[in-house]
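Written out below as structure tokens is the structure these notes cover.
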Amino acid sequence: MNFPSLVILLIAGVLVGGGVYLLLERTLTRIFIGLSLITHGVNVLLLASGGAAGRPPLLGQENPATVADPLPQAMMLTSIVLSLGTTAFGLALAYRQWKLTGHDEVVDDIEDRWLADRAVDEIEADEAITGIEDAGINYDKDDEDAPDLEGTVHGSQSDRLARKGRPGAENREEDSEERGRNA
């Protein structure tokens, strides 16, 4: 890799990195400027992939060994046209948003918030269902739970959980009482 190729790659990396940073912002103007920077970075990479400069690819007039590859240039021209159209459309959207609301910030969708809240509720409900433990198993075994010399354990499991201040100790006690009644 020679020095000009490394400089071109660094320029492309800086353009794409800056574009990604701007793309993560919440304003439409920065988002579309970020997209434009990413496009320019990719265009620089396409330019670097074309290899060294050569003669124009005119058939019959140039030596084929000295002719430049026209494919990267054609792809760059297509990319420039598409990027220009996308950027113009996006900036028009941002301008319209600014005229209507006074800012061009992308707001959260109310239905997305509702779905996120619903997902949190479902996760909490699943945790509550799977949080029921078997009363016969001591999940919190520590020195306090170890039997003393007579072989007795001090207090029930729910009493120990209540002393430790763990949430759900009351529910576990109710569950164990209910299991005792059902058995």
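The values are calculated or read from the model by the stated rules, or taken from the named source; none is laboratory data. These numbers come from a predicted model, not from an experiment. Heads up, the Cβs are rebuilt from the backbone with ideal geometry, glycines too, and the neighbour counts pull from every protein chain shown. Accessible surface areas use protein heavy atoms only, side chains included; no ligands, DNA or RNA. Shrake-Rupley method; radii C 1.70, N 1.55, O 1.52, S 1.80 Å.
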So the check is Cβ under 8 Å with 6+ separation or different chains; which pairs have a first residue in segment 15-44 that's touching a residue at least 12 places away in the same chain (Cβ under 8 Å) and a second one that's crowded, with 20+ Cβ neighbours inside 10 Å and outside any helix (DSSP H, G or I)?
THR27/ASP104; LEU28/ASP104; THR29/ASP104
Just need a number here: residues in segment 6-40 that are open to solvent by 40 Å² or more (accessible area, probe 1.4 Å) and polar (S, T, N, Q).
1
Cβ-Cβ distance below 7 Å, separation of 6 or more or different chains: which pairs start in segment 74-99 with a residue that is closer than 18 Å to GLY19 by Cβ and end on one that is exposed (fewer than 13 other Cβ atoms within 10 Å of the Cβ)?
none
